[in-house]
Every structure is written in structure tokens, then in C-alpha cells.
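Following: one structure in C-alpha cells, then a few remarks.
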Amino acid sequence: MTANATPLEAARWRQIALITLGAAALYVGFRYVPTGTNLNHMDFRVTGANALEFCDPSNPQFIPVVAVRSPVRMTLRPAGEVRPGETVAVTVSLATSGGKPIGPRDLNVAHTRKLHLLIVDPWLKDYQHVHPEPGEREGDWVFAFTPHGRGTYRIFADFVPVATGRGLYASADLPVGPEQAPSISLVMQHETSWSAVREGYRFDLAADAAPIRAGRPATLSFAITRTEGGPVPLEPVMDAFAHLVAFDEARSGFAHLHPNELDLAWRPDPEQPVLTFQVTFPQPGRYVIWSQVNLGGREVFAPFAFEVED
Ligand SMILES: [Cu+2]
């Protein structure tokens with residue numbers, strides 16, 4: 001703008017200046033609007049080799065949670081002795097590797113909950129899926145735990161930080177006493193089994209190509225029938241018609257799978273609902289899959305065991 005500008009030009013310049021100022025103010029304003037979380041993407045960064053890869057929901061894979069470095073520190077504090085058949089309150093503390101607590105404001109709701117814990121005993125016989133509630137201290141989460149067996153249980157946490165918007169994992173061990181023997185790392189062989197009967201229902205799992213091969217995507221179909229015939233009242237649980245969680249025998253990690261039938265308005269076959277799942281197992285070995293479904297308001301779990309070949 002020059003000193004000898006006409007009144008019309010001056011007015012136009014003033015208008016441009018005002019619009020620019022307004023846009024700048026909006027930009028600054030939005031930058032400082034609180035998003036709820038105090039954590040940012042860098043808090044969940046791990047450097048170096050063996051860093052935990054974020055999952056790709058379109059190609060679900062087995063995640064080796066224990067072997068890789070998680071950017072999250074997870075610790076467990078039971079309120080008392082942890083014994084088989086007894087219920088004990090357990091506090092889970094989640095923090096970034098820099099020590100910042102990870103509380104409810106820092107996590108997105110995923111599958112209806114902010115924090116999922118997948119708990120399994122050394123024999124992969126006692127599988128539980130629980131949802132802790134925020135505790136009194138920021139970063140603390142509390143749940144009631146009733147182990148059905150003994151030995152060192154492994155607890156995998158599955159959650160989505162607001163700061164990254166992607167699935168993240170951590171794990172910690174919880175001994176269920178009394179310990180009779182020095183803790184040895186047990187690797188047991190599970191008999192292959194593609195079907196299970198639980199609570200009056202038969203559950204069948206099948207792979208599109210046998211055997212399942214390491215590194216190759218496999219499609220699994222999961223069918224439910226009533227052992228005595230009749231309708232199967234399959235209802236969604238945590239925003240899905242079924243959840244499958246796969247563990248390897250050494251419990252080095254897990255794969256959490258959801259059906260390709262994502263639409264909850266879709267009605268499965270009333271007598272024999274069948275759901276399909278995609279999965280890739282990067283390593284050969286023996287695996288156990290636990291399925292979790294809601295049948296007429298009751299949650300039913302069923303296990304399968306199989307080998308992934310080279
Ligand atoms: Cu799930």
C-alpha cells in the first residue's frame with residue numbers, strides 16, 4: 001500500500017489485512033485447542049532395531065509383543081496373593097518410555113473399550129479378556145482377576161493412543177502361586193484340534209488352504225452350531241460377531257482378529273452362522289486360537305490348536 005492510495009484501495013487493503021489476521025488467529029487458536037491428551041506422537045516412538053511395528057488393520061498379523069521393544073511400560077500390582085480360583089484386584093500401570101502416565105484421556109475407544117487385556121496361562125488353557133477401569137492415579141487401571149490355573153500368567157494390553165491413532169501393545173507377567181518349582185519356560189505341544197464343544201455349542205474352525213504356511217495370508221472360517229440342533233443366537237460382542245485371539249505356544253505375542261463380516265446389521269445364518277477371518281503368521285510353529293462370542297447374552301470361549309508350517 002502506498003501513501004497516495006485512493007480511499008477505495010486503502011479500504012481493500014484493510015479488508016485483506018483483516019482477513020489475513022483472522023485466518024492467522026484461527027490457525028493459532030486451533031493449534032492450542034486442547035485435544036485431551038498430553039501425549040504426542042514422539043512419546044510413542046521407539047528407535048533402533050526391533051521396534052514394535054504398528055499393526056495394519058487390513059492385513060492382521062501375529063505380533064511378537066515380548067521380543068520387540070514396546071514404547072509403553074506396563075507394570076502389574078495385585079492387591080494381595082494371587083491364587084487359583086480366588087478373585088484379586090490388580091492394578092495395571094501404563095506409562096510411556098519417558099515415564100509419562102497413560103490414562104483414559106490418552107486412549108481412543110477401540111471395540112467399545114479404551115483398554116483390552118488378553119490374559120493367558122502358561123498352558124494356553126485359561127484365556128480371559130478383561131477391560132480395566134481407570135484407577136485413582138493417572139496411568140493406573142484396575143481389574144478383577146480370577147485365575148483358574150496356576151503358573152506365570154501373561155497379560156497382553158491392546159490399546160490405541162489418541163496421539164498415534166494406531167493399535168499398540170505391551171505385556172507383563174503375573175505369577176499365580178503358590179510356586180512349587182523354580183520358574184522354567186515351558187513349551188508344550190498342543191494336539192491339533194479344529195473343533196471344540198462348549199456350553200451346548202459346537203465351534204469349528206477351518207483354513208482355506210491346509211496347511212497354513214508362515215508368511216502367507218490365510219482365510220479362516222469359523223462356524224457355530226448347536227450340538228442338539230436349533231437356532232444359534234449369535235449377537236455382537238465389542239462391536240464384532242466374534243473375536244479370535246491367537247497365541248503361539250511360547251506366548252511371544254498374539255494376533256487379535258475380527259471377522260470380515262464387519263457390518264453389525266448383517267444377519268448371520270440363524271442355524272449355522274459362519275464368519276471369515278484374515279490372518280498372517282510370520283513364523284512357523286504351533287498356535288492356539290481362542291474364540292469369543294456372545295450367544296444370547298452369554299459370552300462363550302472356545303479353543304483351537306494347529307500348526308503353521310514353513
Ligand atoms: Cu476383538
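The numbers here are math on the coordinates, done by the rules we state, and not lab data. Computed from a prediction, not measured in an experiment: that's the story for all the values here. So basically every Cβ, Gly included, is an ideal-geometry build from the backbone, and we count neighbours across all protein chains shown.
Each of the GluC sites (Glu not before Pro) that DSSP puts in a loop and that has at most 12 other Cβ atoms within 10 Å breaks the chain; the longest unbroken stretch is 1-52. Here is the list for region 266-310: chymotrypsin sites (Phe, Trp or Tyr not before Pro) lying in DSSP coil, each with at most 14 other C-beta atoms within 10 angstrom of its C-beta, are TRP266.
Loop-located trypsin sites (Lys or Arg not before Pro) in region 98-186 (DSSP state other than H, G, I, E, B) with a sparse environment of at most 16 neighbouring Cβ atoms within 10 Å: LYS125, ARG137, ARG166. Modelled label positions at ASN40 and ASP239, each set 7 Å beyond Cα in the direction of Cβ, lie 2.7 nm from each other.
Spin-label pair ASP310-GLU81: with each label point 7 Å from Cα along the Cα-Cβ axis, the two points sit 4.8 nm from one another.
Taking the three principal axes of the alpha carbon atoms in region 42-176, the coordinate ranges are 40, 32, 28 Å, sorted in descending order.
Secondary structure note: in the chain, about 95% of the DSSP beta bridges are antiparallel. Computed per residue of the chain from DSSP H runs no shorter than four, each worth -39500 (n - 2.57), the mean residue ellipticity at 222 nm is -3000 deg cm²/dmol. With the simple spin-label model, which puts each label point 7 Å out from Cα in the Cβ direction, the LEU262 to ARG216 separation comes to 2.6 nm.
Semi-axes of the equivalent ellipsoid of the chain are 45, 26, 19 Å, computed as sqrt(5λ) over the eigenvalues of the C-alpha gyration tensor in descending order.
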